[in-house]
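S.K.: So that we are looking at the same thing, I have put the structure below in structure tokens.
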Amino acid sequence: MSSSICSDAVDFARRTISRFYVTANALGLPPVERARSLLEPLCPQVVASLEEIPIEHRTLRTIFVTSFRGEPLAPCPGTRFHRCCNYHTVDLYAGCPLGCSYCIMQSYRERTPITVYADPAPAIAAIRRQALDAPNRILRVGTGETGDSLLYDPLFDITRRYITELADLPNVHFEAKTKTDWVDHLLTVEPKGNAVIGFSLNAEAASAEEGQSASPARRLAAAERVVAAGYRVAVHFDPLFRLGDLKQTEAHYASVAARLAESVPADRIAWISLGTVRYPPALRDHIRRPYMLDEFIAGADGKYRYLQRERTAIYRAVVQILCSVLTPVPPMYLCMESDAVWRRVFGTDPQSIPALSAIFDGAFVRGVERTRGGEEEG
Amino acid sequence: MKRSILLTIALFGCALSATAIEPIGHVVYLSGDPHAVRSARPLWLGIGLGMPVHHMDFFHTATDELIEIETIDAAGVLAAIRVQPESVLYLAIAELQPVQEIRLLSGSVTVAMRDPRPDAVLSVVTERVTVDSAGAEYDVTVAVDGSVLVTVRRGTARVTHRDGRRLFADAERAVEARPDGVFRTAPMQADRGERFRAVWLNQVDARLRVDPGPVYRRVAEAYRAVAERFHESYRELLSRRDILDRWMETDRQARDPLASADRQGASAERALIAELLEPAETDLRELEALWYRIWYLARLSSAGVGPDIQVAPRLTANEFFTERAAEARVMEDQMHTVRSVIRLLAQRAEIRTE
């Protein structure tokens, strides 16, 4: 097994983790034992709960491992009044030290350690239950909402269990989403079922905003490896930035799209999500980057986004680029976007796009949306 | 001498009528393609930067749409009005009116008073409270359950509950009015109004998702009580369609509404319509405050939040909302028509019998 461990990942963990706390109920779990051996000489300290960790240690240099507690499976919280993509999330790794400048977690995970939920059994059971209750509905579920799915996974090796134990469910598409290229420990996992490895991609020009994440080239190389190993990949162009004027932005994203097309056969891409940069008011004072000087407005959910026409122009350009380089065109959708933008980019809402109907079946706008009774007929 | 007096009266009449149909402001900032209605008709060409805005113009913004309007002297009050995303309002602002109002039906509006005159007041009127201020910059938010939040960025805003209670909101004190009668100030960190509002809205949302029954029932009951009355008063108003059609025609052709040769007759028409309009306007106020929230609740219900809750004997929430969807077009047309008549009557407000 040790041959499949990415040494970069272990080096990164050794370099960035300076304290290791474990709750007593997680102490004997195999992931904890594995991490303990890889992090030696760092020794885990046993605590009853997060509250026992001294406040000065509650930082992203501390790792806190616990067995799972709380809601094992939840619909992605989405955002008020925006179109939801029917994604479900489970908490596996919460917190991330990669340091992306736009990371929304900066606004709510400032003073907490990186938390690892080392016992995936309750979450797996909840996913299985939901999938079996509605066998005709696609259940997309991922671990990448509160942290990077694979940043510490070479250390704990928990994703393997999700993949293998959900592999027999044809309606479950489990996704591990990452900005790293640390996928090698998953290449030999069998059975894989519908597991998807998701890569967040961005233009090279936006690399400065992605902290210690792997470069797009390394992520694409990792995508190539996982596809060769039999996985499908998901690609997340999120957040898309306006990089100069529209033509320059197009050129930046055309370059990364072309490299994506060279690295991954289009029919191995499970889905592509797109989202322009956005941030809640709480994050506004934390981000001190040049892109913040652009024009943003607060939407109904309170989050700041580019003006609607700017977002529409960026999406249309990127969608067009992707359609021109990827054949067959994988399912593409917008993340946390308004109906108006959906209509302007795709000409319709997601339920009316055959390739997306399986994904969006049963999805709804978080919150509510207006109707414009009579507007169409006038 | 007599001729010069008549000429003066005629010129004065022209000046007044010009004032009454002048725009009250312009669109100065815009995101997206918000919906606007003027004179009971949607603005088909859409809203553009610099577009003149008129008394009783109606705006409806979607999730990521926003309009900012700056009023001009003809409005009688100088202010910047930002219609926030997912909001519905109309502007009851005309120089010759005793009060200048923004009628906020749903969502949020930000008002920044720019008028140097201390007596220049612009009020934001909601179902539950009226907010006014002479020099403040403030936000008023109507949540889906009818709760209202007032947050202030600069200055002080006076918040008057419909039952007469009064509180003041400032940069460190928000004011909240809830459907259960709670009317209170809440401490707020200065300059954190947006965050405060986002958290407050999320709390309202969460409360509603946990227990939607009381809100559904209250809205259904209130709607059923007012809708019948509104239909009746609307029918009464439309009984003088002969006059209204003529007024609307004059308006569409942008002709001077005060240019009637028969001033005596015009004044009588005005009095007649004013009498018929009064009950329709009262019912409209009640109905419109519910109507735009009903859509948000309907969406929640169809998303699985309490669709089977009984809102009346043998009527579930889902059935109630389906009924409303079926009549939506007619109801909205009728409400826009009443608003349009309010505007047409205001245009004729200067007609006096000699």
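S.K.: Return yes or no: is A:GLY193 small (Gly, Ala, Ser), touching a helix residue (DSSP H, G or I) at 6+ places or on another chain (Cβ under 8 Å) and farther than 15 Å from A:LEU150 by Cα?
M.R.: On the way: small (Gly, Ala, Ser): yes; touching a helix residue (DSSP H, G or I) at 6+ places or on another chain (Cβ under 8 Å): yes; farther than 15 Å from A:LEU150 by Cα: yes.
Criteria met by A:GLY193.
S.K.: Filter the range B:23-47 down to residues that are more than 12 Å from chain A (Cβ to nearest Cβ) and outside any strand (DSSP E or B) and give me whichever is surrounded by the fewest Cβ atoms within 10 Å (Cβ to Cβ). Full working, then the answer.
M.R.: The initial filter retains those residues of the range B:23-47 that are more than 12 Å from chain A (Cβ to nearest Cβ), namely B:23-28, B:38-39, B:45, B:47.
Next cut, outside any strand (DSSP E or B) only: B:23-24, B:39, B:45, B:47.
On the way: B:PRO23: 15, B:ILE24: 23, B:SER39: 19, B:LEU45: 8, B:ILE47: 21.
By that ranking, first place goes to B:LEU45.
S.K.: Still on this structure, please answer the following. Could you grab me the full set of residues in the range A:236-258 that are in a helix (DSSP H, G or I) and touching a residue at least 60 places away in the same chain (Cβ under 8 Å)?
M.R.: Of the range A:236-258, the ones in a helix (DSSP H, G or I) are A:246-258.
Those that are in a helix (DSSP H, G or I) and touching a residue at least 60 places away in the same chain (Cβ under 8 Å): A:LEU246, A:THR249, A:GLU250, A:TYR253, A:ALA254, A:ALA257, A:ALA258.
S.K.: Can you spot a residue in the range B:246-253 that is in a loop (DSSP other than H, G, I, E, B) and assigned by TED's automatic domain parsing to the domain that holds B:SER340? Give the derivation first.
M.R.: Taking the range B:246-253 and keeping what is in a loop (DSSP other than H, G, I, E, B), we get B:253.
If we keep only those that are assigned by TED's automatic domain parsing to the domain that holds B:SER340 too, we end up with B:253.
Yes: one or more hits.
S.K.: Report, by residue number, each residue of the range B:299-329 that is touching a residue at least 12 places away in the same chain (Cβ under 8 Å), among the small types (Gly, Ala, Ser) and more than 8 Å from chain A (Cβ to nearest Cβ).
M.R.: B:SER301, B:GLY306, B:ALA312, B:ALA317
S.K.: Can you spot a residue in the range B:127-135 that is hydroxyl-bearing (Ser, Thr, Tyr), closer than 20 Å to B:ASP191 by Cα and more than 14 Å from chain A (Cβ to nearest Cβ)?
M.R.: Taking every residue of the range B:127-135 in turn, at least one turns out to be hydroxyl-bearing (Ser, Thr, Tyr), closer than 20 Å to B:ASP191 by Cα and more than 14 Å from chain A (Cβ to nearest Cβ).
S.K.: Hey, another quick one. For residues in the range A:273-300 being within 13 Å of another protein chain (Cβ to nearest Cβ) and of a type in the set (Asp, Glu), which is farthest from B:PRO85 (Cα to Cα)?
M.R.: A:ASP285
S.K.: Go through B:LEU300, B:LEU284, B:LEU272 for me and flag whichever is in contact with a Lys or Arg (Cβ under 9 Å, 6 or more places away or on another chain) and either farther than 29 Å from B:THR61 by Cα or not assigned by TED's automatic domain parsing to the domain that holds B:GLN334 (or both). Before you say what the answer is, go through the steps one by one.
M.R.: Working: B:LEU300 fails: either farther than 29 Å from B:THR61 by Cα or not assigned by TED's automatic domain parsing to the domain that holds B:GLN334 (or both); B:LEU284 fails: either farther than 29 Å from B:THR61 by Cα or not assigned by TED's automatic domain parsing to the domain that holds B:GLN334 (or both).
The conditions single out B:LEU272.
S.K.: Among the listed residues B:VAL204, B:VAL215, B:VAL226, B:VAL140, which satisfies the condition of being touching a residue at least 24 places away in the same chain (Cβ under 8 Å) and closer than 27 Å to B:ALA79 by Cα? First the steps, then the outcome.
M.R.: Numbers: B:VAL204 fails: closer than 27 Å to B:ALA79 by Cα; B:VAL215 fails: closer than 27 Å to B:ALA79 by Cα; B:VAL226 fails: closer than 27 Å to B:ALA79 by Cα.
The unique qualifying residue is B:VAL140.
S.K.: Next up: On the given criteria, is B:GLN264 without any contact (Cβ under 8 Å) to a residue 24 or more places away in the chain and either more than 22 Å from B:ARG324 (Cα to Cα) or away from every other protein chain (no Cβ under 14 Å) (or both)? Don't jump to the end; show me each part of the working.
M.R.: Numbers: without any contact (Cβ under 8 Å) to a residue 24 or more places away in the chain: no; either more than 22 Å from B:ARG324 (Cα to Cα) or away from every other protein chain (no Cβ under 14 Å) (or both): yes.
No; evaluated as a whole, the condition is false for this residue.
S.K.: Suppose the filter is surrounded by fewer than 24 Cβ atoms within 10 Å (Cβ to Cβ), farther than 18 Å from B:THR282 by Cα and at pLDDT below 95; does B:ALA136 pass it? So that I can check it myself, show each step before the final result.
M.R.: Numbers: surrounded by fewer than 24 Cβ atoms within 10 Å (Cβ to Cβ): yes; farther than 18 Å from B:THR282 by Cα: yes; at pLDDT below 95: yes.
Here the answer is yes, as B:ALA136 does meet what is asked.
S.K.: Please indicate, with yes or no, whether at least one residue in the range B:113-131 is assigned to a loop (DSSP other than H, G, I, E, B), within 14 Å of the chain's Cα centre (by Cα) and crowded, with 24+ Cβ neighbours inside 10 Å. Reasoning before the result, please.
M.R.: At the first step, the residues of the range B:113-131 found to be assigned to a loop (DSSP other than H, G, I, E, B) are B:114-121, B:126-128.
Applying the additional criterion that residues be within 14 Å of the chain's Cα centre (by Cα) yields B:126-128.
Among the residues that remain, those that are also crowded, with 24+ Cβ neighbours inside 10 Å are: B:126.
Yes: the range B:113-131 contains one or more residues that are assigned to a loop (DSSP other than H, G, I, E, B), within 14 Å of the chain's Cα centre (by Cα) and crowded, with 24+ Cβ neighbours inside 10 Å.
S.K.: A further question on this structure: Identify, by number, the condition in (1) over 19 Å from A:LEU274 (Cα atoms); (2) surrounded by 22 or more Cβ atoms within 10 Å (Cβ to Cβ) that A:ASN202 doesn't meet.
M.R.: Status for A:ASN202: all satisfied but (1).
S.K.: What number of residues within the range B:170-208 satisfy the criterion of being away from chain A (no Cβ under 14 Å) and closer than 28 Å to B:VAL219 by Cα?
M.R.: If we filter the range B:170-208 for residues that are away from chain A (no Cβ under 14 Å), which is where we start, we get B:170-187.
Imposing the further condition that a residue be closer than 28 Å to B:VAL219 by Cα reduces the set to B:174-186.
The total comes to 13.
S.K.: On to the next question. Within the set of pairs 6 or more residues apart or between chains, which connect a residue that is within 14 Å of another protein chain (Cβ to nearest Cβ) and of a type in the set (Ser, Thr, Tyr) inside the range B:330-346 to a residue that is surrounded by 18 or more Cβ atoms within 10 Å (Cβ to Cβ) and in a helix (DSSP H, G or I) with Cβ atoms less than 8 Å apart?
M.R.: As it stands, the answer is B:THR337/B:TYR234, since those pairs meet every condition given.
S.K.: Taking the residues in the range A:95-125 that are among the hydrophobic types (A, V, I, L, M, F, W, C) and surrounded by fewer than 18 Cβ atoms within 10 Å (Cβ to Cβ) as candidates, determine which candidate is nearest to A:TYR279 (Cα to Cα). Let's see the steps before the verdict.
M.R.: As a first pass, look at the range A:95-125 and keep what is among the hydrophobic types (A, V, I, L, M, F, W, C): A:96, A:98, A:100, A:103-105, A:114, A:116, A:118, A:121, A:123-125.
Restricting the remaining residues to those that are surrounded by fewer than 18 Cβ atoms within 10 Å (Cβ to Cβ) gives A:104-105, A:121, A:125.
Details: A:ILE104: 6, A:MET105: 10, A:ALA121: 33, A:ALA125: 34 Å.
Among those residues, the one meeting the criterion is A:ILE104.
S.K.: Given (1) at pLDDT 90 or above; (2) within 18 Å of the chain's Cα centre (by Cα), where does A:HIS185 come up short, assuming only one miss?
M.R.: (2)
S.K.: Could you tell me whether any residue of the range B:54-70 is within 24 Å of B:GLN334 (Cβ to Cβ), in contact (Cβ under 8 Å) with a residue 60 or more places away in the chain, of a type in the set (Val, Ile, Thr) and within 11 Å of another protein chain (Cβ to nearest Cβ)?
M.R.: no
S.K.: Further, regarding this structure: I need a count of the residues in the range A:301-347 that are within 14 Å of chain B (Cβ to nearest Cβ) and touching a helix residue (DSSP H, G or I) at 6+ places or on another chain (Cβ under 9 Å). If you could, list the steps in order and put the result at the bottom.
M.R.: Filtering the range A:301-347 for residues within 14 Å of chain B (Cβ to nearest Cβ) gives A:301-315, A:334-345.
Checking which are touching a helix residue (DSSP H, G or I) at 6+ places or on another chain (Cβ under 9 Å) leaves us with A:301-306, A:308-315, A:334, A:337-338, A:340-342, A:344-345.
The number of residues fulfilling the criteria is 22.
The values are calculated or read from the model by the stated rules, or taken from the named source; none is laboratory data. It should be emphasised that the depicted structure is a prediction, and the values quoted were computed from it without experimental measurement. Please note: Cβ atoms are built from the backbone with ideal geometry, for glycine as well, and neighbour counts cover all protein chains shown.
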